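For reference, the structure is listed below as structure tokens.
The values are calculated or read from the model by the stated rules, or taken from the named source; none is laboratory data. If you're wondering where the values come from, they're calculated on a predicted model, not measured in any experiment. Reconstructed Cβ throughout: ideal geometry from the backbone, glycine too, with neighbour counts over all protein chains shown.
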């Protein structure tokens, strides 16, 4: 059980966090009296706590003796963001989605004209494709690549992937114009698909994962046989995928 001094320290810490939360939610600089009313503490307590936060660089005081968030929070936020590991953040959600859909779940990043697989979950999948973590594959014919390319300007896509592509199956996209049309649809839908473009009888759907700046930093996909998709219904798979990608994005600080 905490001693009296420890309890006071814990209470002060909680109140300072509450002050930071309150100031962050306000769209203007705030005064001590306003904070004391919001937190239901005396003005002397609010002043003491806010003075401590100013000394630590977490709050700043303007010439009118009002307060705003300090610039140190920006650097702390960037450090926290940089240390977030997308793979570790995504893996629990990937396992949950794999259990729900019984499909293969993949996580990948864009690397030039290719995607790089950075994690995959196949424990629950009845059918799996021949991919492995660390492997690169062309982006133009894969849902993971398409949804990430969809966030690039058309000129950049042309520069990255060229104008014509190898045909892997009878369903593979083979021209830049066809690809750009698919990317436009993916942007509008919020997800991309490849239907038997890399292997007959298989399809994949992918959704983007965003960071705190709103940038697409990775993509999440579910892959399986056409029969599996029909049994579960594509609409349900898409809804689950987009929801899961959104949860991971929020773990990375995305507010959209």
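Residue-wise test of (1) over 30 Å from residue 152 (Cβ atoms); (2) modelled with pLDDT of 90 or more; (3) assigned by TED's automatic domain parsing to the domain that holds residue 29.
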{"residue": "53", "(1), (2), (3)": "yes, yes, yes"}
{"residue": "60", "(1), (2), (3)": "yes, yes, yes"}
{"residue": "92", "(1), (2), (3)": "no, yes, no"}
{"residue": "100", "(1), (2), (3)": "yes, no, no"}
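Look at (1) without any contact (Cβ under 8 Å) to a residue 12 or more places away in the chain; (2) assigned to a loop (DSSP other than H, G, I, E, B); (3) closer than 28 Å to residue 255 by Cβ and you find that residue 37 fails only one, number (2).
Looking at (1) modelled with pLDDT of 95 or more; (2) in contact with a strand residue (DSSP E or B) (Cβ under 8 Å, 6 or more places away or on another chain), which is the one condition that is false for residue 180? Going through the list (1) modelled with pLDDT of 95 or more; (2) in contact with a strand residue (DSSP E or B) (Cβ under 8 Å, 6 or more places away or on another chain), residue 180 breaks only (2). Within the range 134-147, the residues that satisfy the criterion of being within 16 Å of residue 176 (Cβ to Cβ) and assigned to a helix (DSSP H, G or I) are 145, 146.
Checking each residue in the range 191-202 for being touching a residue at least 60 places away in the same chain (Cβ under 8 Å) and not in a loop (DSSP other than H, G, I, E, B) picks out only 202. Within the range 228-241, if we keep just the residues that are at pLDDT 85 or above and surrounded by fewer than 14 Cβ atoms within 10 Å (Cβ to Cβ), the residue that is nearest to residue 112 (Cα to Cα) turns out to be 239.
One residue stands out in the range 133-164 among those that are touching a helix residue (DSSP H, G or I) at 6+ places or on another chain (Cβ under 6 Å) and under 20 Å from residue 118 (Cβ atoms): the one that is surrounded by the most Cβ atoms within 10 Å (Cβ to Cβ), namely 147. Checking each residue of the range 203-225 against the condition of being touching a residue at least 12 places away in the same chain (Cβ under 8 Å), assigned to a helix (DSSP H, G or I) and surrounded by fewer than 16 Cβ atoms within 10 Å (Cβ to Cβ) gives no match.
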